[in-house]
Amino acid sequence: MKSRLLPLALALIVGCVAPTLGRAQEHKHKEPETELGNTMDKMNGAWRKLKKQVADPASNASSLELVATIGAAADKAATLKPARLTDVPAADQAKFLADYQAQMKDFGAQIAKLGAALKANDNAAAQAIVQKMGAMQKEGHKDFKRPDM
């Protein structure tokens, strides 16, 4: 009896979970890939790791590498145009783009401060900068990223 239940249970799991996973993949890629999106994804990967380890002085060397990755991605992102720009009326596009670039410049300044704090082994200051950058990220996404569909 037990040997019959296992294949049945596995069939039910595969039958219920596999279609759900397929649908999740379909929805994930509705928005076409952009160079800015790919750059932000790279930045986000480093950002997540950095947030987990920024408090640990023993991880400062690794954190500085992540800061360099984030900085390079932010510099590149500042030169690109958000996809949402095309959703903005033509008369407002120049201001929208200037605002985006200014915010990316401010974010870049915080990255420099973060790197300096980590080099000085001031992890408390680095944590505060990371919190500020997190708020900047949320605000920037609200202002310049297309809402998720």
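Hey, with R₀ at 35 Å, roughly what FRET efficiency would E35 and A120 work out to, going by the Cβ-Cβ distance, to 0.05? Walk me through the numbers on the way to the answer.
Details: r = 34 Å, r/R0 = 0.98.
Computed FRET efficiency for E35 and A120 comes out at 0.55.
Computed from phi, the 3J(HN,Hα) profile of the stretch 52-66 under the Karplus parametrisation 6.51, -1.76, 1.60 (θ = phi - 60°) reads 6, 10, 4, 6, 8, x, 5, 9, 4, 4, 5, 4, 5, 5, 5 Hz, with x in place of Gly and Pro.
All of the numbers you see were taken from the coordinates with simple rules; none came from a lab. All values reported here derive from a predicted model rather than from experimental measurement. With ideal geometry, Cβ positions are generated from the backbone for all residues, glycine too; neighbour counts draw on all protein chains shown.
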